[in-house]
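Beneath this line is the structure, given in structure tokens, with notes to follow.
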Amino acid sequence: MLSYITLGANDMHASDRFYSALLEPLGYRKQVDSEGLAFSLPEHASQSGSPCVVYVKPPFDGKPATVGNGSMAAFRAGSHDTVRQVHAAAVAAGGTDEGPPGFRAAYSKNFFVAYVRDPVGNKIALFCNTPRGRRLPTGAEAAGSAGKRTLGAPFRIGPSQAAGPRQKRLRTAAAAGVSCRFPPT
């Protein structure tokens, strides 16, 4: 399971503006310290290094942050409208449009995505893979529906449920107290 991602920043003010516009509407909470920014979902906000943490800070080696060619971070949004709104907010906050919101049939018939680059040039995707008109809870919304096994909502899997590689990973995470999300199959 991915625990965190660190994205380099050269101008912390510009990066703060961009990532606040990008992540806060998705339910992430921001923490600021002397090293930079940390964005986490509410259910993990007090757990340093827990799943869903996005760190934005200058590189540790003191050299300028640069783009990773072929690297991209993707964030799930709860609806197609949220993808549109957050993409527009990210561009307005200093990001660069890298692909307008829309369906990308090459990935799946329901894959709705927009691409933007942050002030350093890191590529970011905002996506929703629900059918037209359906909404998927994210961030703070999903935290309120814990325990319900609905499309994309957090859930905990019990030992009596079917065994398989996916269920085994989810049981392991559940035993550690981690709330898991899964895409529709």
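Miscellaneous remarks
- Residue count, the stretch 50-91 (criterion: exposed (fewer than 15 other Cβ atoms within 10 Å of the Cβ) and of a type outside the set (A, V, I, L, M, F, W, C)): 11
- Residues located in the stretch 1-20, provided they are acidic (Asp, Glu) and surrounded by 16 or more Cβ atoms within 10 Å (Cβ to Cβ): 16
- Scanning the stretch 118-149 for residues that are modelled with pLDDT of 95 or more, surrounded by 20 or more Cβ atoms within 10 Å (Cβ to Cβ) and not hydrophobic (A, V, I, L, M, F, W, C) returns 118, 119, 122.
- The stretch 24-43 residues that are farther than 22 Å from residue 10 by Cβ and at pLDDT below 95, paired with ones that are of a type in the set (Val, Ile, Thr) and assigned to a strand (DSSP E or B) (beta carbon under 9 Å, 6 or more apart): 40/53; 40/54; 41/53
- Hits in the stretch 77-113 (condition: without any contact (Cβ under 8 Å) to a residue 12 or more places away in the chain, in a helix (DSSP H, G or I) and among the small types (Gly, Ala, Ser)): 88
The values are calculated or read from the model by the stated rules, or taken from the named source; none is laboratory data. For clarity, every value in this text was computed on a predicted model and none was experimentally measured. Quick reminder, even Gly has a Cβ in these numbers, built from the backbone with ideal geometry, and neighbours come from all protein chains shown.
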